[in-house]
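Notes to accompany the following structure.
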Amino acid sequence: MKISVIIPCFNERETIAEVIRAVRGSPIEGLEIIVVDDGSSDGTVALLRDKIAPLVDQILYRPRNEGKGAALRDGIAAATGDFVIIQDADLEYSPGDYQVLLEPILARKADAVFGSRFMGGRPHRVLYFWHMVGNRFLTLLSNMCTNLNLTDVETGYKVVRTDLAKQLDLRERGFGVEAEITAKLAKTHCRIYEVGISYQGRTYAEGKKVNWKDGVRAIYAIFRYNFGP
């Protein structure tokens with residue numbers, strides 16, 4: 001079984017090299033690593049070309065910044081593995097959890113797996129209370145629309161069967177893509193599992209990019225892709 005790791009990246013010069021090392025050092029062998037730079041302007045592009053390119057299978061360069069969803073579309077289109085893992089380019093999610101994420105896949109029980117920050121006994125950095133409240137509200141709203149019982153719809157760790165991912169026809173450009181993926185997977189009636197993962201969140205001073213506007217967009221995406229065509 002071949003696994004494609006898609007790494008959307010925007011202005012992550014300080015973390016991208018360490019993320020690549022962590023992915024390459026994960027316990028899963030034979031990973032296809034695809035980095036999608038989303039119009040970075042902080043020196044990330046030069047680092048990718050000069051240092052990272054020999055360490056990965058593909059680097060796709062987008063001419064301007066459009067958002068995580070736009071980068072994921074390109075990465076999924078380029079993936080050749082049986083499954084895709086979405087891996088953020090910061091240090092919030094650990095590739096050391098790949099074995100846990102893939103366990104339902106390897107047991108041939110799941111078509112998609114969500115890594116939850118709110119279940120299991122894995123370590124978590126303690127940060128923003130209102131982020132947690134907002135996330136749980138979005139998860140509740142999404143669950144009401146999809147009739148799923150997820151605990152973390154906004155998780156950045158998702159594993160999806162590649163042929164299924166290519167059929168989702170993702171339209172969201174930004175972080176609303178998380179809610180879109182969930183809604184569209186639910187409509188396929190595929191087998192979705194959830195596993196607990198570790199989480200090392202960042203502060204805004206450390207480079208965190210999600211804000212309240214992304215929460216508003218997520219609400220739009222929940223209704224748009226659950227009840228729209």
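The values are calculated or read from the model by the stated rules, or taken from the named source; none is laboratory data. Keep in mind the model is a prediction, meaning the values are calculated, not measured. Cβ placement follows ideal geometry from the backbone for every residue including glycine, while neighbour counts extend to all protein chains displayed.
General observations
- Test result for Arg64, basic (Lys, Arg), at pLDDT below 95 and either more than 16 Å from the chain's Cα centre (by Cα) or surrounded by fewer than 17 Cβ atoms within 10 Å (Cβ to Cβ) (or both): yes
- Subset of segment 103-148 (residues that are more than 21 Å from Gly215 (Cβ to Cβ) and modelled with pLDDT of 90 or more): Glu103, Pro104, Ile105, Leu106, Ala107, Arg108, Lys109, Ala110, Asp111, Ala112, Val113, Asn147
- When Cys190 is tested against the conditions (1) modelled with pLDDT of 95 or more; (2) crowded, with 16+ Cβ neighbours inside 10 Å, the lone failure is (2).
- Exclusive hit being farther than 18 Å from Ser4 by Cβ and assigned to a strand (DSSP E or B), set Val153, Val195, Val160: Val195
- Restricted to segment 80-90, and to residues there that are under 13 Å from Pro8 (Cα atoms) and hydrophobic (A, V, I, L, M, F, W, C), the residue that is nearest to the chain's Cα centre (by Cα) is Ile86.
- Being closer than 20 Å to Ile3 by Cβ, over 16 Å from the mean Cα position of the chain (by Cα) and in contact (Cβ under 8 Å) with a residue 60 or more places away in the chain is not true of Ile52.
- Applying the criterion of being of a type in the set (A, V, I, L, M) and closer than 23 Å to Lys109 by Cβ to the residues of segment 161-181, the residue that is surrounded by the most Cβ atoms within 10 Å (Cβ to Cβ) is Ala165.
- Of all residues in segment 207-220 being surrounded by 13 or more Cβ atoms within 10 Å (Cβ to Cβ) and either among the aliphatic types (A, V, I, L, M) or not in a helix (DSSP H, G or I) (or both), the one that is modelled with the highest pLDDT: Ile219
- Matching entry among Glu12, Glu29 (being among the charged types (D, E, K, R), crowded, with 18+ Cβ neighbours inside 10 Å and at pLDDT below 95): Glu12
- Qualifying residue in segment 36-49 (condition: touching a strand residue (DSSP E or B) at 6+ places or on another chain (Cβ under 8 Å) and within 28 Å of Tyr193 (Cα to Cα)): yes
- In segment 1-47, the qualifying residues are those that are among the acidic types (Asp, Glu) and touching a residue at least 60 places away in the same chain (Cβ under 8 Å), and the one that is farthest from Val160 (Cα to Cα) is Glu14.
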